[in-house]
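Trainee: Pasting in a structure now, in structure tokens, and then I'll have a few things to ask.
Throughout, read-outs are computed from the coordinates displayed, never taken from laboratory work. Remember, it's a predicted structure, so these values are computed and weren't measured experimentally. Cβ placement follows ideal geometry from the backbone for every residue including glycine, while neighbour counts extend to all protein chains displayed.
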Amino acid sequence: MSLRIRLAPVRLTSAVLALLAALSPPVAAQSPPAVPAPKGSPDGKWVQPPADVPKVLRGDRTRSIDFLFEALKIAPDDDSAKGVENRIWALWLVSGSDTADLLMSRARTAAEAKDYNLSIRLLSTIIELRPSYLEAWNRRATIYFLKRDYGNSLADIREVLMREPRHFGALAGLGVIMEEVGNEKQALEAFRKAQSIYPRLKGVDDQIKNLKEKVEGRDI
């Protein structure tokens, strides 16, 4: 799969710096919680949305998420970066549909019970209703991954990245799958792209270091 994704340049605005300086703890909102990773599954590196996300404020959604990605790139520490990350997830989790939210909740319940086939059917229904809803594609990619159905997981990751090339969760997921199937070069490329968007993404430094040694060799 090609990973040629153009990333917009980041402008370090005073508003971004103000957000990082004054970042407050997120306020929980009623959004679909993350699908928990079953113990023992090979998905410890998979990036999941938080269980509690901040409230989404009124305004221009596209400008808001662009602003947040600027802040994410220059976050000075892990706590402030996590706060910005949670706000990005808050935007991605908004479906705009009560029906989609209900189906998402049922898909989560099915996933918790390890009824992955039912979860996939519910998520597929959401995608048919609202094909622009990023989190339905991303979550179905996660469930396919848990089933080790890497082909369908990659197909859904592709759909996510077509709609949002900056989706660090999907990029990290792509890296995990590529590493699982032995394509270490593409895994390294995917993790590097995820890190270029979200420099403080947890665990990516170690993944890149390990893959770099395998792909490019140790530094002399």
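Trainee: Give me R108, R166 ranked fewest to most by other Cβ atoms within 10 Å of their Cβ, as a rough exposure proxy.
Mentor: Taking fewest neighbouring Cβ atoms as first place, the list is R108, R166.
Trainee: If you don't mind, another one. Which whole-Hz ³J(HN,Hα) couplings does the stretch 195-211 yield from phi under the Karplus relation 6.51 cos²θ - 1.76 cosθ + 1.60, θ = phi - 60°, glycine and proline marked x?
Mentor: Karplus values, whole Hz, x for Gly and Pro: 5, 5, 8, 10, x, 9, 4, 4, x, 5, 3, 5, 4, 5, 4, 5, 5.
Trainee: To make sure I understand, if each residue's beta carbon is the centre and we count other beta carbons within 10 Å, what order do F67, F145, F191, F168 fall in, fewest to most?
Mentor: Values: F67 18, F145 25, F191 30, F168 22.
Fewest to most other Cβ atoms nearby, the residues stand as F67, F168, F145, F191.
Trainee: Sorting S64, S119, S132 on the 10 Å Cβ count, fewest up front, what's the list?
Mentor: Working: S64 17, S119 27, S132 10.
Neighbour counts put them in this order, fewest first: S132, S64, S119.
Trainee: Please say if the stretch 165-220 is rounded, prolate or oblate, where rounded means a/c under 1.5 for a ≥ b ≥ c the square roots of the C-alpha gyration tensor eigenvalues, and otherwise the choice is prolate for a/b larger than b/c and oblate otherwise?
Mentor: oblate
Trainee: Taking the alpha carbon gyration tensor of the stretch 84-220, what are the square roots of 5 times its eigenvalues, largest first, to the nearest whole Å?
Mentor: After diagonalising the Cα gyration tensor, the semi-axes are 29, 16, 12 Å.
Trainee: Counting alpha carbon pairs within less than 8 Å and at least 6 residues apart, what relative contact order, in whole percent, applies to the stretch 96-148?
Mentor: Working: 42 pairs, mean separation 17.6, N = 53.
This gives 33 percent for the stretch 96-148.
Trainee: Per 10 Å bin from zero, what fraction in whole % of the C-alpha pairs of the stretch 96-148 is there, up to the bin with the longest pair?
Mentor: 30, 59, 11, 0
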